[in-house]
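K.L.:
Pasting in a structure now, in structure tokens, and then I'll have a few things to ask.
The values are calculated or read from the model by the stated rules, or taken from the named source; none is laboratory data. As the structure is a prediction and not an experimental result, all values here were calculated from the model. Positions of Cβ are generated from backbone atoms using ideal geometry, with glycine treated the same way; all protein chains shown enter the neighbour counts. Ligands, DNA and RNA are stripped out before the accessible areas are found, and what is left, the full protein with its side chains, is counted by its heavy atoms. Shrake-Rupley method; radii C 1.70, N 1.55, O 1.52, S 1.80 Å.
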Amino acid sequence: MVSAHLMNGNLDNSFSGLMVSGDCEGGQAHNDGTNTTLLGWKDLPMELLLRIISVAGDDRMVIVASGVCTGWRDALGWGVGSLSFSWCQDHMNELVMSLAHKFTKLQVLSLRQIKPQLEDNAVEAVANNCHDLRELDLSRSFRLSDRSLYALAHGCLHLTRLNISGCSNFSDIALIYLTSQCRNLKCLNLCGCVRAVSDRALQAIARNCGQLQSLNLGWCDTVTDRGVTCLASGCPELRAVDLCGCVLITDESVVALANGCTHLRSLGLYYCQNITDRAMYSLAANSRIRSKGMSWDTTGSRRSRDDKDGLANLNISQCTALTPPAVQAVCDSFPALHTCPERHSLIISGCLSLTAVHCACALHPHRAGRAMLSNHAY
């Protein structure tokens with residue numbers, strides 16, 4: 001592990017333990033045919049430098065080290081694939097603008113902020129230099145405008161994961177353009193993007209992002225069944241959908257997801273108070289339909305459903321129109337849904353009428369214990 005003195009800029013002292021004394025002069029590495037003598041920390045081989053940085057595991061160290069010399073800057077620029085600026089409390093915008101050109105091989109970048117700092121010019125610098133970027137977190141970037149989305153659409157075509165939650169200034173026009181260019185998106189967090197997320201934008205996502213697996217539309221309160229049903233048909237690979245606070249959607253949205261997204265594992269319907277028993281029975285019915293098509297193992301025996309099949313998380317908190325029989329039907333249809341404290345994955349808080357709903361673990365406590373042990377077996 002590299003000394004924490006690096007954080008204070010004492011790079012020479014921190015690496016003094018790595019230097020081996022010898023008879024050479026002029027600060028050059030000496031090779032006598034059997035081994036190499038390092039007389040200065042700038043002589044570190046690129047592989048060793050990258051190894052030290054990776055073991056230390058501090059992104060601030062990477063940034064400090066990139067300013068030591070051109071050799072280190074180039075080595076880190078080519079070797080560092082993931083970087084986070086989320087620790088930066090002040091001057092993040094200036095820091096990103098000054099460093100974007102150094103780290104052109106980044107594939108993962110987090111610019112999540114505690115307080116708003118990032119502006120469009122910093123995102124443009126990233127888009128202009130980091131063309132290999134796959135994952136980008138811009139959450140809580142309240143100062144960003146459509147300029148940022150257009151820049152990403154032009155410069156970061158390989159994005160697979162994008163988090164712009166809380167970016168309330170983006171428009172649906174800019175989001176539509178982004179999805180038309182970044183067609184490899186698999187995970188998209190749009191929570192709180194109230195201006196960007198419209199039915200028209202969801203139709204564009206369905207049309208352009210057929211590989212999408214996770215979508216968060218939390219508190220985008222203009223979304224209707226029209227947009228969600230388009231998603232269900234255009235994005236059949238969806239595994240996680242969060243519609244919490246989408247107060248306009250009805251059973252039609254859930255029925256469409258149940259029918260179109262056969263791999264669905266997580267569904268958030270918190271505060272969707274137009275959801276009724278019909279939606280629950282649709283989920284349960286689709287579970288039973290799929291169970292009839294289960295495959296056969298090599299011994300000729302039919303494979304049974306287990307926790308890897310169907311819904312594993314369902315949040316229906318504050319869905320006050322639901323009744324116990326309908327919710328119990330869902331719970332019984334998906335083995336991975338649990339109301340027991342150890343594995344709480346069926347969330348029904350705020351629904352006093354649903355307190356009678358229980359998973360199988362409540363009736364057979366030993367099952368919960370066995371399941372917990374199996375989850376920790378590896």
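K.L.:
Helices (runs of 4 or more DSSP H) wholly in the range 66-152 with at least 3 residues that are within 30 Å of D172 (Cβ to Cβ), at pLDDT 95 or above and aliphatic (A, V, I, L, M) - which ones?
P.N.:
In the range 66-152, the matching helices (runs of 4 or more DSSP H) lie at 92-99, 120-129.
K.L.:
Give all pairs with beta carbons closer than 8 Å in which a residue from the range 190-216 that is under 15 Å from I176 (Cβ atoms) and part of a loop (DSSP other than H, G, I, E, B) meets a residue that is open to solvent by less than 10 Å² (accessible area, probe 1.4 Å) and aromatic (F, W, Y); count only pairs at least 6 apart in sequence or on separate chains.
P.N.:
C193/F170; R195/F170; A196/F170
K.L.:
Any idea which residue in the range 334-357 is modelled with the highest pLDDT, counting only those that are surrounded by fewer than 21 Cβ atoms within 10 Å (Cβ to Cβ) and not in a loop (DSSP other than H, G, I, E, B)?
P.N.:
I347
K.L.:
On to the next question. Which pairs do you get when a residue that is farther than 14 Å from N313 by Cα, found in the range 241-255, comes within reach of a residue that is of a type in the set (F, W, Y) and modelled with pLDDT of 95 or more, reach meaning Cβ atoms under 6 angstrom, with the pair 6+ apart or on two chains?
P.N.:
G245/W219; G245/Y271
K.L.:
Oh, and also: Identify the single condition in (1) open to solvent by less than 70 Å² (accessible area, probe 1.4 Å); (2) of a type outside the set (G, A, S); (3) modelled with pLDDT of 85 or more that M372 does not satisfy, given that it satisfies every other one.
P.N.:
Of everything listed in (1) open to solvent by less than 70 Å² (accessible area, probe 1.4 Å); (2) of a type outside the set (G, A, S); (3) modelled with pLDDT of 85 or more, M372 misses just condition (3).
K.L.:
Let me ask something else. Quick one: would you say Q28 is over 28 Å from the mean Cα position of the chain (by Cα) and either at pLDDT 75 or above or in a loop (DSSP other than H, G, I, E, B) (or both)?
P.N.:
Numbers: over 28 Å from the mean Cα position of the chain (by Cα): yes; either at pLDDT 75 or above or in a loop (DSSP other than H, G, I, E, B) (or both): yes.
Criteria met by Q28.
K.L.:
Report yes if I176 is farther than 26 Å from V255 by Cα and either out of contact with any strand residue (DSSP E or B) (no Cβ under 6 Å at 6 or more places or on another chain) or crowded, with 23+ Cβ neighbours inside 10 Å (or both), otherwise no.
P.N.:
The answer is no for I176.
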